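Scroll down for the structure; my scribbles are underneath it.
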Amino acid sequence: MGKPTGFIEFTRDIPTKRNVHERVKDYLEVEETLSKEKAVEQSSRCMDCGVPFCHSGCPLGNIIPDFNDAVYQKNWELAYDILISTNNFPEFTGRICPAPCESSCVLAINKPAVAIEAIERFIIEKAFEKGYVKPRIPQVRTGKKIAIIGSGPAGLAAASQLNKAGHTITVFERADAIGGLLRYGIPDFKLEKNVIDRRLKTMKEEGIIFKTNANVGVNVRVKDLMEEFDSILLCGGSTVPRDLDIKGRELKGVHFAMDFLSQQNKRNAKKTIKYDHAGNTYQQGEILATNKKVVVIGGGDTGSDCVGTSNRQKAASITQIEIMPMPPQKRAKNVSWLDVPMMLRTSSSHEEGCERTWSILTKEFIGNEKGELIGIKLVDIEWKEKDGKMGFDENLSTERIIPCDLVLLAMGFLHPERAEMLEELGVLLDEKGNIQAQNYQTQNPKVFAAGDMRRGQSLVVWAISEGREAARQIDLHLMGHTELEAKAVSRLDTQHKVVVG
């Protein structure tokens, strides 16, 4: 504990954001990195609790009090070593993680939480600046070859860990660039793509092989992978979006959010957008919000990303609607410090301008004689408990049609694509459509699964955790033992005593 009185002397101070009027003119990152002085000050607020619940809140089990202390002592290299021991990609989580660790911060009982995410970003940026981030090339290769299908955060984390164990890793990505959701799902104003490229350069120097435009089951034969590799890890993500099956869904102007977002990321990368490319289909052509009345359906992060992108494309108006009630602005007293509270979150995109509404049901998309979207029929709803389950009643007096040129469906994702590849690999799906895998191993002992493909739609930090844990299980399977790090999982038992194991 670097400064015992730090949490008393200083209040929470997060990184500054670029001016709204300037940042909506480009796609550069909105948030800046903490200065050295601010990072030291903020790290001093950590109380080094007897029971650091932040460990439990973090899916990676980051050793947060220790790297906070190292930052306070201005020992940047030690801070980096502590952070990288549990997190392969702090530059990603330090930018786009909703920071469940901060929700579990004990200081947050009666004061603002420690700015853990901002400190994490400071550490990794300082590490790159100082040259601490170097290729970690294994001294000995095991002779085992592993194919990883999907290059999102789970696939990249697994590749990093398995390569460290000495295995030869090939990552297959069906898109034209590595990164998965990080590359074509998350807007540049939250994660500039040179941050990904910087990490990939190091991973390539470590000996990891990346293959793009490699769609397994389409232009890469499953049979060849089964013959060539000792193990296969599926990290393709949960990519089938939740649809809205109502009248007018077929109208021109109703699109999935991810099609809209990925198109803009490709424009930013100055890449040609192919509207009919297999695995990357934009059947209704170019999707732009410019001068349009935009309605975003879905109140989560993807919906927020659509708001920010629409603002930069100079939409005429933006309305974000959510079927669920408006979350509370403060943490409920009955939520334990191991649980992430359901609270109202206002993102940088919301700050840039949009109308937000809750408890709204979408009834119908309205079109003209040309098959173009011109409006959307909405109704207010009231949530009630019925027979022990939550349901809602429509307030029919509130039914109305609002003008709308573009609808973006940002209602989450259902499950992985049920491609023939999964059948050829001999894996089974659970009742939700995700891949069945016990200890990350499927019914085919040679095939493993991790990330959203296994657990369902989740956070980037969970995907990294899944990739690391799956790598450990693969290493154990191939070698009979493993020296890869295992995450210490903390939880509360029924008597509310802390259990580690």
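Nothing in this text is a laboratory measurement; each read-out follows from the coordinates by a stated rule. What you see is a predicted model; the values in this text were computed from it and never measured. With ideal geometry, Cβ positions are generated from the backbone for all residues, glycine too; neighbour counts draw on all protein chains shown.
Values as computed for the structure displayed
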{"quantity": "Additional length obtainable on full extension of the chain from Ala419 to Leu28, 0.36 nm per residue less Cα span", "calculated": "137.2 nm"}
{"quantity": "Lysine pairs with alpha-carbon atoms under 24 Å apart, the stretch 6-130, spacing 8 or more or separate chains", "calculated": "15"}
{"quantity": "Low-density loop cleavage sites - GluC sites (Glu not before Pro) in the stretch 17-52, where at most 13 other Cβ are within 10 Å (DSSP)", "calculated": "Glu32"}
{"quantity": "Residue-averaged [θ]222 nm for the chain, counting only DSSP H segments that reach four residues, each worth -39500 (n - 2.57)", "calculated": "-8500 deg cm²/dmol"}
{"quantity": "16 Å Cα-Cα reach of Lys134 towards aspartates and glutamates, excluding residues that sit fewer than 8 places from it in its own chain", "calculated": "Glu77, Asp81, Glu91, Glu125, Asp197, Glu205, Glu206"}
{"quantity": "Shape of the stretch 243-411, Cα gyration tensor, a/c cut at 1.5", "calculated": "oblate"}
{"quantity": "Added length on full extension, which subtracts the Cα-Cα distance from 0.36 nm per residue, Thr272 to Asp224", "calculated": "14.2 nm"}
{"quantity": "Cysteines, the chain, no other Cys beta-carbon under 4.7 Å", "calculated": "Cys46, Cys49, Cys97, Cys105, Cys235, Cys306, Cys354, Cys404"}
{"quantity": "Taking the stretch 6-130 and dividing mean pair separation by its residue count, relative contact order in percent (alpha carbons under 8 Å, at least six apart)", "calculated": "30"}
